[in-house]
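Presented below is the structure to which this report refers.
The values are calculated or read from the model by the stated rules, or taken from the named source; none is laboratory data. In this text the structure is predicted, and so the values were computed from the model without any measurement. Every residue, glycine among them, receives a Cβ derived from its backbone with ideal geometry; neighbour counts consider all protein chains shown. What goes into the accessible areas is simple: the full protein's heavy atoms, side chains included, and nothing from ligands, DNA or RNA. Shrake-Rupley method; radii C 1.70, N 1.55, O 1.52, S 1.80 Å.
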Amino acid sequence: MALVGVLALTAGACTGSGDPGSSRAGGFQPGADGVGDPYFPTYGNGGYDVANYALKVRYDPASDRLTGTATISATATANLSRFNLDLVGLTVSAVTVEGERAEFRHDEGELIVTPGRGLARDGRFTVEVTYDGVPEPVDSPDLGEGGFMATADGAVALGQPESASTWFPVNDHPQDKASYEIAVTVPEGLSALSNGVPGERSTAGGWTTWRWSERTPMASYLAMLVIGDYRVREGEHAGKPLVTAVAAGLPEGGPAEVSLNRTGEIADFLATQFGPYPFEAYGGVAVSDRRIGYALETQARPVYGPAFFTSGPNDSVVAHELAHQWFGDSVSVRRWSDLWLNEGFATYAEWLWAQHDGGVTAQQAFDQGYAATDWSKPALDPGRSALFGRPVYQRGALAVHALRLTVGDEVFFRILKTWTAEKRNASVVTGDLITVAERVAGRPLGPLLDAWLSGTTAPPPPPPVA
């Protein structure tokens with residue numbers, strides 16, 4: 001279930017009211033145009049930390065035109081003379097910082113903002129960006145297409161490692177997680193689905209505004225938008241909202257609905273393995289557009305492509321994406337080369353669920369995967385073009401089970417629950433997991449994980465702890 005990622009290649013139109021400059025007067029300097037991720041150096045930006053995005057967007061499927069206002073609340077982490085936001089393809093008409101008009105330039109997916117005065121380190125500030133245009137997906141030869149895609153009845157904005165920048169200005173990297181308030185206005189009769197807790201819905205003049213709130217910090221690639229003709233089911237599970245939606249183009253009462261109806265049950269089982277569910281809402285969305293050939297763990301409400309339900313109900317993919325709510329969403333990667341921390345644990349969750357639901361055991365899945373693995377290809381730091389390759393998923397899961405066999409069930413599940421509790425809302429690397437695991441287990445585990453994640457020959461399976 002490789003999740004298709006995308007890379008921004010589309011150049012933004014140049015627009016603005018002045019040159020951004022690069023004044024260092026008074027110790028103020030420009031923020032970096034990327035966080036320096038080894039795989040995606042220009043993703044994200046430096047010099048500030050976002051606390052909240054308040055997004056108001058309006059989309060007309062008849063013209064494919066989107067208009068939006070993004071209000072971004074942030075804190076400067078350096079003395080900034082200017083800063084960047086990521087925004088691909090759309091046209092910016094105005095930018096203010098702290099209510100005052102700011103100069104800006106939009107070029108090659110970078111919105112470069114120069115406020116009227118420098119932003120002091122540790123100071124909070126608010127940016128408002130007004131923009132519009134016809135959003136388009138972004139495409140990468142090695143990672144595929146994603147981002148904002150118009151559909152026959154609406155649109156889908158989705159993708160990994162980048163999609164948010166195709167529909168709103170953003171600091172687009174998991175290192176900078178933030179809360180979100182999202183208001184989406186669409187023609188009356190269409191649904192507009194996003195992350196988190198549903199809010200008040202209102203209709204006027206033939207348009208309906210859907211409101212969503214994700215108050216728990218979220219990585220930008222997990223923000224999603226699905227617009228169109230959907231059968232929306234709203235309820236409650238474990239005292240929290242549970243919202244699922246299935247595209248009208250998929251059979252009513254069919255495999256997608258059957259699978260999504262088990263969302264609460266599967267999440268409850270995973271909570272027994274990983275610790276309390278980390279978000280304020282549950283849900284899922286099944287789309288019918290066949291360009292979405294993957295499923296993605298969009299926070300609190302995963303999105304599933306239609307291919308997963310062509311042969312009947314598919315609880316395995318639901319277990320995988322729900323496991324990401326702990327591994328990937330709540331605890332996020334700090335750099336993309338550590339993606340196995342997301343995919344290895346989510347794949348392992350499929351094994352745990354299958355055993356719980358009367359299928360093959362985790363040990364049987366391990367034995368089958370061990371025999372089929374190409375040990376020349378690593379799970380950790382696989383290279384950008386192999387980021388969503390089989391080793392990241394399957395070899396990552398083998399490493400998780402090898403850890404379990406080595407330390408025994410009691411210590412293993414204590415490691416998982418300690419990890420998800422201590423690193424909740426954080427961005428992490430593999431070394432952080434090793435530190436937690438060794439502390440909980442009281443023994444060295446780095447060499448074990450290195451062999452299973454990065455070694456070039458098959459390590460011998462550890463004998464189970466008695």
Number of the condition not met by L3 [criteria: (1) farther than 30 Å from A204 by Cβ; (2) crowded, with 18+ Cβ neighbours inside 10 Å; (3) modelled with pLDDT of 95 or more]: (3)
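Looking at this structure, is G293 assigned to a loop (DSSP other than H, G, I, E, B) and at positive phi?
Details: assigned to a loop (DSSP other than H, G, I, E, B): yes; at positive phi: no.
So G293 does not fit the description; no.
Among the hydroxyl-bearing types (S, T, Y) and free of Cβ contacts under 8 Å to residues at least 24 places away in the same chain - does that describe any residue in region 342-361? First the steps, then the outcome.
Of the residues in region 342-361, the ones among the hydroxyl-bearing types (S, T, Y) are 347-348, 361.
Keeping just the survivors that are free of Cβ contacts under 8 Å to residues at least 24 places away in the same chain gives 361.
Yes - at least one qualifying residue is present in region 342-361.
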Is there any pair linking a residue in region 399-425 that is under 17 Å from T272 (Cα atoms) and at pLDDT below 95 to one that is of a type in the set (S, T, Y) and part of a helix (DSSP H, G or I), with Cβ under 7 Å and at least six apart or on different chains, and which? none
Those residues of region 93-110 which are in a strand (DSSP E or B) and either in contact with a strand residue (DSSP E or B) (Cβ under 9 Å, 6 or more places away or on another chain) or free of Cβ contacts under 8 Å to residues at least 24 places away in the same chain (or both), in sequence order: S93, A94, V95, T96, V97, E100, R101, E103, F104, R105, H106, E110
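What residue, of E280, E252, E257, is open to solvent by 10 Å² or more (accessible area, probe 1.4 Å), free of Cβ contacts under 8 Å to residues at least 60 places away in the same chain and touching a strand residue (DSSP E or B) at 6+ places or on another chain (Cβ under 6 Å)? Quick ask: steps written out before the conclusion?
Values: E280 fails: free of Cβ contacts under 8 Å to residues at least 60 places away in the same chain; E252 fails: touching a strand residue (DSSP E or B) at 6+ places or on another chain (Cβ under 6 Å).
Answer to the selection: E257.
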Checking G196 against (1) over 26 Å from H106 (Cα atoms); (2) open to solvent by 20 Å² or more (accessible area, probe 1.4 Å), which single condition isn't satisfied? (2)
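For (1) in contact (Cβ under 8 Å) with a residue 40 or more places away in the chain; (2) surrounded by 21 or more Cβ atoms within 10 Å (Cβ to Cβ); (3) not in a strand (DSSP E or B), each residue gets a yes or a no:
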site: V57; (1), (2), (3): yes, yes, no
site: T71; (1), (2), (3): yes, no, no
site: S81; (1), (2), (3): yes, yes, no
site: V88; (1), (2), (3): yes, yes, yes
site: I112; (1), (2), (3): yes, yes, no
Can you tell me how many residues in region 382-422 are within 19 Å of the chain's Cα centre (by Cα), of a type in the set (S, T, Y) and under 18 Å from I434 (Cβ atoms)? 1
Which of the residues that make up region 140-160 are out of contact with any strand residue (DSSP E or B) (no Cβ under 9 Å at 6 or more places or on another chain) and either closer than 14 Å to Y59 by Cβ or not aliphatic (A, V, I, L, M) (or both)? P141, D142, G144
Open to solvent by 40 Å² or more (accessible area, probe 1.4 Å), in contact with a Leu (Cβ under 9 Å, 6 or more places away or on another chain) and either of a type outside the set (F, W, Y) or under 19 Å from G44 (Cα atoms) (or both), is that true of R101? no
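This table checks each residue for (1) under 25 Å from the mean Cα position of the chain (by Cα); (2) not hydrophobic (A, V, I, L, M, F, W, C).
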| site | (1), (2) |
| --- | --- |
| S81 | no, yes |
| L85 | yes, no |
| G99 | no, yes |
| F104 | no, no |
| G116 | no, yes |
| E128 | yes, yes |
| D139 | yes, yes |
| F148 | yes, no |
Could you check D268 against (1) open to solvent by 50 Å² or more (accessible area, probe 1.4 Å); (2) farther than 19 Å from G146 by Cα; (3) part of a loop (DSSP other than H, G, I, E, B) and say which number it fails? (3)
Give the number of residues within region 291-335 that are open to solvent by 10 Å² or more (accessible area, probe 1.4 Å), more than 17 Å from E350 (Cβ to Cβ), out of contact with any Ser or Thr (no Cβ under 6 Å at 6 or more places or on another chain) and at pLDDT 95 or above. 2
Out of V318, V285, which single residue is more than 12 Å from the chain's Cα centre (by Cα), under 14 Å from T263 (Cβ atoms) and assigned to a strand (DSSP E or B)? V285
Give the residue, chosen from V129, V156, that is among the β-branched types (V, I, T) and under 27 Å from G36 (Cβ atoms). V129
